[in-house]
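Visitor: Dumping the structure here so I can ask a few things about it.
Every number in this text was worked out from the coordinates using simple rules, so none of it is lab data. Just so we're clear, the structure is a prediction, and the values are computed from it rather than from any experiment. Note: ideal-geometry Cβ built from the backbone for every residue, glycine included; neighbour counts use all protein chains shown.
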Amino acid sequence: MCGRFHLISEEDEREMRVILEEIENRYKDKPELSAMQTGEIFPTHIVPVLANNKKLEPAAFLMKWGFAPFQKGGRPVINARRETALDKPMFRKPLLERRCVIPASHYYEWEKQGATKVRHAIRPRGQNILYMAGLYRIEEEQVLPVFTILTRPAAPDIAFIHDRMPVILFPDQREAWLRPDADVRGIMEHSQEQMNYERM
């Protein structure tokens, strides 16, 4: 699963700086901009997400993390399994029509060691920014679109930490994932597996 990630707040990472500048221009003088979070990101936080604009071109938008829960009073739905997403009514239409990419510096996962849990920061080898495959939808109660992160079985190198991980896209998959004619199954099945982890 993916229940926490980190969004770089420093301005020395060019890729993220470009995304944040686009967000600032798009939401200038709007209250949504002041609600944007950086640093450690929790479910229900509002963050920059890449999705197609009306011209079907990739662009940066603000979205809230988590679909509305299945039942009133439940927890927001923050992850969708790639193995079953096309079969689930909640995820099928967004997967076919409303895909997005969530940028992050790394994501966090906790390794169980007896009665304690050890936190690890995880990202692809040789990369300062990772891009997670996601889905989004519009909910009547929300001002902004909401998104969820696709997950898959963990890569062998990090399976000892947790048995699930986000679907992390290769650089040449980012725009492909957003295209209307994307090979959704193919991209989900051939995402990044070479991961680095650091005990926090």
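Visitor: Run down the lysines and flag those whose C-alpha is under 29 Å from the C-alpha of residue 117, throwing out any fewer than 8 positions away in its chain.
Guide: Excluding near neighbours in sequence, the set is 64.
Visitor: If you take the beta carbon distance between residue 196 and residue 71 as r and set R0 to 35 Å, what does 1/(1 + (r/R0)^6) give as a FRET efficiency, to the nearest 0.05?
Guide: With R0 = 35 Å, the Cβ-Cβ based efficiency is 0.40.
Visitor: Another question, if that's okay. Would you list, by chain and number, the aspartates and glutamates whose Cα falls below 18 Å from the Cα of residue 54, excluding same-chain residues fewer than 8 positions away?
Guide: Correct list for residue 54: 22, 97, 175, 181.
Visitor: Residue separation times 0.36 nm, minus the C-alpha to C-alpha distance between residue 26 and residue 119: what's the value?
Guide: Fully extending the segment from residue 26 to residue 119 adds 30.0 nm.
Visitor: Given a cut-off of under 8 Å on Cα pairs at least six residues apart, what relative contact order in percent is computed for region 63-136?
Guide: After rounding, I find 26 percent.
Visitor: Chymotrypsin sites (Phe, Trp or Tyr not before Pro), restricted to region 14-74: which are DSSP loop and have at most 10 other Cβ atoms within 10 Å?
Guide: Qualifying residues, ordered by number: 70.
Visitor: For the chain, modelled as a Gaussian network with Cα springs under 10 Å, which listed residue fluctuates most, 152, 164, 14?
Guide: 14
Visitor: So for the chain, averaging the separation of alpha carbon pairs under 8 Å that are six or more residues apart and normalising by length, what relative contact order in percent results?
Guide: In percent, rounded to a whole number, it is 22.
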